[in-house]
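A.B. asks: Have a look at this one before I ask anything.
The values are calculated or read from the model by the stated rules, or taken from the named source; none is laboratory data. Only a predicted model underlies this, so the values are computations on that prediction, with no experimental measurement involved. Positions of Cβ are generated from backbone atoms using ideal geometry, with glycine treated the same way; all protein chains shown enter the neighbour counts. Accessible surface areas use protein heavy atoms only, side chains included; no ligands, DNA or RNA. Shrake-Rupley method; radii C 1.70, N 1.55, O 1.52, S 1.80 Å.
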Amino acid sequence: MAQFTRVSRSVGLITLQNPPVNALSAVTRQGIVDAVKSALGDPKVKSVVICGQNGIFCGGADIKEFGTNITGPPLVPMIHAIEASNKPVVAAIEGSAFGGGLELALGCHYRVAHSKAKLGLTEVTLGLLPAAGGTQRLPRLIGVPAALNLITTGRHVTAAEALQLGIVDQVTDHNTVDEAVKFALSVAGKSLDARRISTYPCPRPSDVDALFEEVMQKVRQSARGAIAPIACVQAVRAAATLPYSQGMEREQELMATLFTSGQARALQYCFFAQRAVGRWSMPSGARWDTSKPRSIRKAAVIGLGTMGRGIAVALAQAGLSVVAVETQEKQFTEAKKMVSGMMERGAKRRGTAPPLDKITYSQNIQAVADVDLVIEAVFEDMALKEKVFQQLSTICKQGTFLCTNTSALDVDHLASQTRNPELVVGMHFFAPAHVMKLLEVVYGPRSSPQAVATAMQLGKKMGKVSVAVGNCRGFVGNRMLKPYLEQALFLLEEGATPELVDGALEEFGFALGVFKMSDLSGLDVGWKIRKGDGLVEPGLASGPSARIRQGRRYSPLGDLLCEQGRFGQKTGQGWYRYDKPGSRVARYDPWLHSFLEEYRTQHGIVARRMDQQEVLERCLYALINEGFRILEDGIAAGPEDIDIIYVFGYSWPRHRGGPMFYASMVGLAKVLKRLEHYHQAHPDIPYMQPCNLLRRLVASGSPPVHKWKEAIKKLRSQL
Ligand SMILES: CC(C)(COP(=O)(O)OP(=O)(O)OC[C@H]1O[C@@H](n2cnc3c(N)ncnc32)[C@H](O)[C@@H]1OP(=O)(O)O)[C@@H](O)C(=O)NCCC(=O)NCCSC(=O)/C=C/CCCCCCCCCCCCC(=O)O
């Protein structure tokens, strides 16, 4: 709702009251319409201030209303009525003014913002465009190039930038509403002719066609198949080329297409899923709201390789005191320099001082004796990690949480090396750890709820999206990656090329296809793991048994490349060719293609033509099938956890909502049918055998993704 009061005798104060973010729900919109009517009809009111309660102006349209039958007054006429008012209306912006919230403010005649406020037309991040006049008013106010930048990216701007751009008229460090009321008193009675943005001519760039062509190209490239950024450009183009009323019609037309699109549903699902993963639960029944985290002031990082350095930087940037330990002399000296450099670059970008004094370095593990939490980030080797955990268990003060940054190893086994296994959890960071947003917090059967709550809270403090998952080989992300990678190799054996597979995946929306990604991360990483698992047999043996390991189909292609020293970008050769070691541009490699042909001949494989659909179905459905197994095993609490891990950690295109959401969009029955088809065609690939949970969900009528958790619980109780 919205409340109308009169303050300072002649100022009508309209306060949006819809916690937690004053979203513009039907009731709130009705409240604003009524309050504006009261303010305009009250002869004692000479000017009006609109603000939001609890320190936040407005989080925009109520996203929960989308996809429902929307009732109540529409936003566009409501904002027009405010702009058309003959009494000055001032927006008092505290906290956030996002999406429809900023559009409401743009309908006001003046905007006063608190210095800590953030503003943005964020609709594009939800698969929409600013359809409450934002695409037409913002370019008229700040010019086409700046408006395009804000609208196509949805980026948040600070009050200072908003002032510089001309979005707000005044920035204050004091009470925003008091300042806005003073402002409103000062402009009462003044002409509003020059204050109605919709009446401004849109500044017309000299070569409109060339400008929009260039922007459209850039946006298409970075959108990776997302349609909303493109519609945003088209809407702003309408502002630059058409009168306001026609521009508004175009804005509405474009919005109508986006509003019901699968992409908008996917992006809005991601918005809520990102928040839902914070409300974690464990199979034991422990939950986020009943488990109290301990506050961590001082942390240690053991091992200053690539991961350890990133983790140390992220901890220091979050304001913690950090003890960084590296026992090897050469790595120690190099890491100190690198960590300082990383902090200095980060601070420069943020315009702050680098927190260099937050980190103390040591070559002696005894230096961690008094820390509250340790993150072990030594080489991915169980024997080495075991030793570190045994040491930590005797060195650290009572109650210190011991975390391992492993990407696949058994967290419970490491816990068993310590005196207090309940204090041990996994914190699986993604490289570069100070940049990547995802953190898998891995609990073992003995991890205490407090240890999980503490790691989750620490992740949040470090600016991560943290997801609590159970302990199994590869946890959630890497466990699902395995069948995906395997399928890609099998496709190569059967006749595909890296270019075909990567092309299909990139068209789907991945930033990099599986082979380019593997070249980037290094082929030797997986080789080492496969060697450890006893899967690698050197040499190019022939015959069908050469492609069976441990009773199931196996492709030695990756091993064979590694035997040739082709480790990817770092060696200048992998699945592609690079101009020199370390170069990033993947080029077609004739050697690789001859190698594949020779390999097929040697193994008696006749290459067949395959299309992008088969590539997508086999790679993605194998991955999704494993996702269902993860849900079945209780390793992830719900589909949202898996989807957020994939969107934030594995560059799954956000506008496709994550693998489990995507499966629900494709239709579970179809996914099941195609898995059955591929399993029949390839009975030696167990990953293709449809998971029981998938079968049972289909049998129970394929509930929508937000009902899976409930459905899984019900299915479990029936067992
Ligand atoms: C920065 C925030 C605002 C606050 O952040 P923080 O303090 O960290 O808190 P959160 O945890 O994020 O949020 C707290 C809870 O609030 C929920 N929340 C947040 N924002 C909204 C919202 N806008 N609506 C509903 N709920 C919201 C959030 O989910 C949390 O609850 P829970 O934990 O999930 O339970 C931050 O929250 C934030 O960034 N919010 C989003 C801001 C944003 O992007 N806003 C834009 C919204 S879209 C919009 O405004 C669009 C406007 C254009 C006009 C729309 C017109 C609609 C109808 C048109 C129909 C035309 C088509 C016709 C088709 C046809 O013809 O048929």
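A.B. asks: For segment 61-82, what are the residues that are touching a strand residue (DSSP E or B) at 6+ places or on another chain (Cβ under 8 Å) and either more than 10 Å from the ligand (Cβ to nearest atom) or not aliphatic (A, V, I, L, M) (or both)?
C.D. replies: Once the filter is applied, which keeps residues that are touching a strand residue (DSSP E or B) at 6+ places or on another chain (Cβ under 8 Å) and either more than 10 Å from the ligand (Cβ to nearest atom) or not aliphatic (A, V, I, L, M) (or both), segment 61-82 yields ASP62, ILE82.
A.B. asks: Is it the case that TRP288 is within 26 Å of the chain's Cα centre (by Cα), open to solvent by 20 Å² or more (accessible area, probe 1.4 Å) and either within 15 Å of the ligand (Cβ to nearest atom) or not polar (S, T, N, Q) (or both)?
C.D. replies: The answer is yes for TRP288.
A.B. asks: On to the next question. Quick check, is VAL301 within 29 Å of ARG419 (Cβ to Cβ), within 29 Å of the chain's Cα centre (by Cα) and not in a loop (DSSP other than H, G, I, E, B)?
C.D. replies: yes
A.B. asks: So which residues in segment 362-382 are within 23 Å of SER340 (Cα to Cα), open to solvent by 60 Å² or more (accessible area, probe 1.4 Å) and touching a residue at least 40 places away in the same chain (Cβ under 8 Å)?
C.D. replies: PHE379
A.B. asks: Out of GLY572, GLY568, I need the residue that is open to solvent by less than 10 Å² (accessible area, probe 1.4 Å), more than 30 Å from LYS713 (Cα to Cα) and out of contact with any helix residue (DSSP H, G or I) (no Cβ under 9 Å at 6 or more places or on another chain). Which one?
C.D. replies: Residue meeting the stated conditions: GLY572.
A.B. asks: Are any residues in segment 16-48 under 16 Å from VAL177 (Cβ atoms) and in contact with a Phe, Trp or Tyr (Cβ under 8 Å, 6 or more places away or on another chain), and if so, which ones?
C.D. replies: Those that are under 16 Å from VAL177 (Cβ atoms) and in contact with a Phe, Trp or Tyr (Cβ under 8 Å, 6 or more places away or on another chain): LEU16, ASN22, ALA35, ALA39.
A.B. asks: Does THR28 satisfy the criteria of being under 30 Å from ARG250 (Cβ atoms), part of a helix (DSSP H, G or I) and within 15 Å of the ligand (Cβ to nearest atom)?
C.D. replies: It is true that THR28 is under 30 Å from ARG250 (Cβ atoms), part of a helix (DSSP H, G or I) and within 15 Å of the ligand (Cβ to nearest atom).
A.B. asks: Something else: For a quick check of your reading of the model, give me the residue pairs whose first member lies in segment 514-534 and is outside any helix (DSSP H, G or I), whose second is small (Gly, Ala, Ser), with beta-carbon atoms closer than 8 Å and at least 6 apart or on different chains.
C.D. replies: If the second residue must be small (Gly, Ala, Ser), the pairs left are GLY522/GLY568.
A.B. asks: Going by the structure shown, is SER295 surrounded by fewer than 17 Cβ atoms within 10 Å (Cβ to Cβ), over 27 Å from the mean Cα position of the chain (by Cα), part of a loop (DSSP other than H, G, I, E, B) and small (Gly, Ala, Ser)?
C.D. replies: When the stated conditions are applied, SER295 does not pass them.
A.B. asks: To continue, here is another question. Mind listing just one residue for me: the one in segment 237-261 that is of a type in the set (S, T, N, Q) and more than 16 Å from the ligand (Cβ to nearest atom) and, of those, surrounded by the most Cβ atoms within 10 Å (Cβ to Cβ)?
C.D. replies: THR241
A.B. asks: Taking ALA61 and the conditions (1) more than 19 Å from VAL49 (Cα to Cα); (2) surrounded by fewer than 24 Cβ atoms within 10 Å (Cβ to Cβ); (3) among the hydrophobic types (A, V, I, L, M, F, W, C), which numbered condition does it fall short on, given that it satisfies the others?
C.D. replies: Checking ALA61 against (1) more than 19 Å from VAL49 (Cα to Cα); (2) surrounded by fewer than 24 Cβ atoms within 10 Å (Cβ to Cβ); (3) among the hydrophobic types (A, V, I, L, M, F, W, C), the one that fails is (2).
A.B. asks: Please state which of the following conditions ASN69 fails to meet, knowing it meets all the rest: (1) open to solvent by 60 Å² or more (accessible area, probe 1.4 Å); (2) over 27 Å from LEU129 (Cβ atoms).
C.D. replies: Condition (2) is where ASN69 drops out.
A.B. asks: Could you list all residues from segment 262-285 that are crowded, with 17+ Cβ neighbours inside 10 Å and farther than 25 Å from ALA453 by Cα?
C.D. replies: GLN263, ALA264, ARG265, ALA266, LEU267, GLN268
A.B. asks: Moving on. Would you check if there is a residue in segment 347-361 being free of Cβ contacts under 8 Å to residues at least 60 places away in the same chain, over 34 Å from the mean Cα position of the chain (by Cα) and open to solvent by 30 Å² or more (accessible area, probe 1.4 Å)?
C.D. replies: No, segment 347-361 contains no residue that is free of Cβ contacts under 8 Å to residues at least 60 places away in the same chain, over 34 Å from the mean Cα position of the chain (by Cα) and open to solvent by 30 Å² or more (accessible area, probe 1.4 Å).
A.B. asks: Being closer than 29 Å to SER245 by Cα and within 16 Å of the ligand (Cβ to nearest atom) is true for just one of VAL21, VAL33, VAL48, VAL89. Which residue is that?
C.D. replies: Being closer than 29 Å to SER245 by Cα and within 16 Å of the ligand (Cβ to nearest atom) holds for just one of VAL21, VAL33, VAL48, VAL89, which is VAL33.
A.B. asks: Then there's this: Looking at SER340, SER321, SER291, can you tell me which residue is small (Gly, Ala, Ser) and not assigned by TED's automatic domain parsing to the domain that holds LEU438?
C.D. replies: SER291
A.B. asks: Can you work out which of the residues in segment 168-202 that are farther than 25 Å from VAL7 by Cβ and open to solvent by less than 60 Å² (accessible area, probe 1.4 Å) is farthest from the chain's Cα centre (by Cα)?
C.D. replies: The selected residue is TYR200.
A.B. asks: In segment 134-166, how many are within 28 Å of the chain's Cα centre (by Cα) and within 16 Å of the ligand (Cβ to nearest atom)?
C.D. replies: Residues in segment 134-166 being within 28 Å of the chain's Cα centre (by Cα) and within 16 Å of the ligand (Cβ to nearest atom): 15 in total.
A.B. asks: Which of the residues belonging to segment 344-382 are assigned to a loop (DSSP other than H, G, I, E, B) and under 21 Å from HIS428 (Cβ atoms)?
C.D. replies: VAL371, ASP372, ALA377, VAL378, PHE379, GLU380, ASP381
A.B. asks: Of all the residues that make up segment 131-142, how many are open to solvent by 10 Å² or more (accessible area, probe 1.4 Å) and outside any helix (DSSP H, G or I)?
C.D. replies: Of the residues in segment 131-142, 1 are open to solvent by 10 Å² or more (accessible area, probe 1.4 Å) and outside any helix (DSSP H, G or I).
A.B. asks: Would you please list the contacts, defined by Cβ atoms under 7 Å and residues six or more apart or on different chains, that run from a residue in segment 114-130 that is within 11 Å of the ligand (Cβ to nearest atom) and at pLDDT 95 or above to a residue that is among the hydroxyl-bearing types (Ser, Thr, Tyr) and open to solvent by less than 20 Å² (accessible area, probe 1.4 Å)?
C.D. replies: GLY127/SER261; LEU129/THR135
A.B. asks: Under 7 Å between Cβ atoms, which residue pairs at least 6 apart in sequence (or on different chains) link something in segment 87-104 that is over 19 Å from PHE66 (Cβ atoms) with a partner that is open to solvent by 10 Å² or more (accessible area, probe 1.4 Å) and near the ligand (Cβ under 7 Å from one of its atoms)?
C.D. replies: Between residues of segment 87-104 that are over 19 Å from PHE66 (Cβ atoms) and residues that are open to solvent by 10 Å² or more (accessible area, probe 1.4 Å) and near the ligand (Cβ under 7 Å from one of its atoms), the close pairs are GLU94/ILE56; GLY95/ILE56.
A.B. asks: Residue by residue through segment 604-631, note down the ones that are farther than 23 Å from PHE515 by Cα, open to solvent by 10 Å² or more (accessible area, probe 1.4 Å) and modelled with pLDDT of 95 or more.
C.D. replies: ARG629
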